[in-house]
Amino acid sequence: MSTDYEFNHRHLLGLADYSAQDIQYVLSQADRFLEILNRPVPKIPTLRDKTIVNLFYENSTRTRLSFELAQKRMGADVVNFSSSSSSVSKGESLKDTIRNIESMKIDMVVVRHSSPGTAHFVARTVNAAILNAGDGAHEHPTQALLDMFTMRQKFGKVAGLKVVIIGDIAHSRVVRSNIIGLRKLGAEVIICGPKTLMPPSPDELGVTVSHDLEACLEWCDVAMALRIQMERQGQGLFPSLREYHERFGIKKRHLKEFPNFTIMHPGPVNRGVELESEVADSERSIILNQVTNGLAVRMAALYLLSGGQRI
Ligand code: CP
């Protein structure tokens, strides 16, 4: 894609707001950042005049660390906010928190929160570029971008790929962003899981619904397993983790029975639930490639939303 593409976004709140061309452009920029990350000195000064706040109201390993590392690789001043060690524990509201942080002259905010719509609320409230790092069960756009980047790296393209997404579809922001992005780029998507972990009207997502894991593994190029949210155990959504694994977990024997599919997972993996350990660690798994690529994709997103000084 041409480097003079007009990228007209101030924020990255969700992939619903991005066209197929916008998504392709972010991925093409991520190619450039991946090359930079492979240099002996993987640093560039693109964000040296920017101050960025990572505002995390929910726990995170991959998203938080890769955003922070991306910002530091690009020379930004970085401040990390964690709700548990802040004045939120004294009752300060989200609105007051972000308006106080804005008063410290920040340029960009990366926000994760358990409530859907938080990133949009922050974008309406402060005058900074906002990147959504996950808002409840709504969207997780950088996760879907890094997933599509990883598929494109493995298969050369996303268009035409057959992708099955397995697990807790109802409560997953990863699946929502992936369905939006994958459909825009021309992939075929099936969602697979127990009926109790499907949203009320799954057909409205514009994808096929299945409850037959093995038929999906035979069909697909990519099997993306989602984390079973352990906190939902005991809510009657699935009988037990053992039974979930029995019906919807990918097992070592599946690697032999269905020799073509590639395994992805956004993390964190519950070993022995979504995936047997041997599957997570097998040569068919590109889970750690997803993590590596997350850094390049987040650098690309930060670069584009910062105004995109030439690199
Ligand atoms: N994939 C993902 O969002 O992981 P973290 O919760 O560790 O950031």
Aspartates and glutamates whose Cα lies under 15 Å from that of residue 157, excluding same-chain neighbours fewer than 8 positions away:
31, 147, 188, 221
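What dipole magnitude, in Debye to the nearest 20, does region 165-212 give about its Cα centre under +1 on Lys/Arg Cβ and -1 on Asp/Glu Cβ?
Charge dipole, region 165-212, about its Cα centre: 200 debye, nearest 20.
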Other-chain or far-sequence residues with amide H under 5 Å of residue 285's (modelled H)
263
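For the pair residue 124 and residue 65, what calculated FRET efficiency results from E = 1/(1 + (r/R0)^6), where r is the Cβ-Cβ distance and R0 = 25 Å, to the nearest 0.05?
Efficiency at R0 = 25 Å is approximately 0.35.
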Quote the charge dipole size of region 141-287 about the Cα centre in Debye, to the nearest 20; the model charges only the Cβ of Lys and Arg (+1) and of Asp and Glu (-1).
320
Charge-dipole axis of region 249-311 as Lys and Arg at +1 and Asp and Glu at -1 on Cβ define it, positive-most pick from 249, 306, 270
306
Could you work out the relative contact order of region 141-287? I mean the mean sequence separation of Cα pairs under 8 Å and 6+ apart, divided by the number of residues, in percent.
23
For residue 228, what accessible surface area do you get with a 1.4 Å probe? Give it in Å², rounded to 10.
0
Once the Cα atoms of helix 20-37 and of the chain are each reduced to a long axis, what angle between those two axes, in degrees from 0 to 90 to the nearest 10, is obtained?
80
Using the Kirkwood radius over Cα pairs, work out the Stokes-Einstein diffusion coefficient for the chain at 25 °C and 0.890 mPa s, in µm²/s as a whole number.
123
Applying the Karplus parametrisation 6.51 cos²θ - 1.76 cosθ + 1.60 with θ = phi - 60° to the phi angles of region 65-70, what ³J(HN,Hα) value in whole Hz is obtained for each residue in order, glycine and proline being reported as x?
5, 6, 5, 5, 5, 4
Rolling a 1.4 Å sphere over the protein heavy atoms, what is the accessible area per residue of region 141-287, to the nearest Å²?
42
Once the dipole of region 141-287 is set up from charges on Cβ (+1 Lys and Arg, -1 Asp and Glu), the residue from the list 280, 186, 200 lying farthest towards its positive end is 186
Taking H as built 1.01 Å from N, whose amide H comes closer than 5 Å to the amide H of residue 130, not counting residues under 5 places away?
12, 109
Residue separation between residue 241 and residue 154 times 0.36 nm, minus their alpha-carbon distance, gives in nm 28.2 nm
Can you list the HN-Hα couplings for region 266-276, worked out from phi with the Karplus curve (6.51, -1.76, 1.60; θ = phi - 60°), rounded to whole Hz and with x for Gly and Pro?
x, x, x, 7, 8, 5, x, 10, 6, 9, 5
Cα-Cα longer than 27 Å, checked against 162/195; 50/90; 195/251; 50/95; 50/154, kept in input order, equals 50/90; 50/154
Tell me, how many Å apart are the Cα centres for region 281-308 and for region 89-161?
15
Calculated from DSSP helices alone, with each H run of at least 4 adding -39500 (n - 2.57) and the total divided by the residues of the chain, [θ]222 nm to the nearest 500 comes to -11500 deg cm²/dmol
Phi-based couplings in Hz for region 127-144 (Karplus 6.51, -1.76, 1.60; Gly and Pro marked x)
9, 9, 6, 10, 10, 7, 9, x, 10, x, 9, 7, 9, 9, x, 5, 5, 5
Net length gained if the chain between residue 92 and residue 231 were fully extended (0.36 nm per residue, minus Cα distance):
47.4 nm
What distance in nm separates the two pseudo spin-label positions at residue 41 and residue 292, each 7 Å out from Cα along the beta-carbon direction?
2.3
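Where both partners of a DSSP beta bridge lie in the chain, what percent of those bridges are antiparallel, to the nearest 5?
On the way: 1 of 36 bridges.
Around 5 percent antiparallel, to the nearest 5.
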Find the relative contact order for the chain and round it to a whole percent, using C-alpha pairs within less than 8 Å whose residues are 6+ positions apart.
20
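The values are calculated or read from the model by the stated rules, or taken from the named source; none is laboratory data. Because the structure is a prediction, the values reported are computed rather than measured. Here Cβ is always computed from backbone atoms with ideal geometry, including for glycine, and neighbour counts include all displayed protein chains. SASA here: full protein model, heavy atoms, side chains in, ligands and nucleic acids out. Shrake-Rupley method; radii C 1.70, N 1.55, O 1.52, S 1.80 Å.
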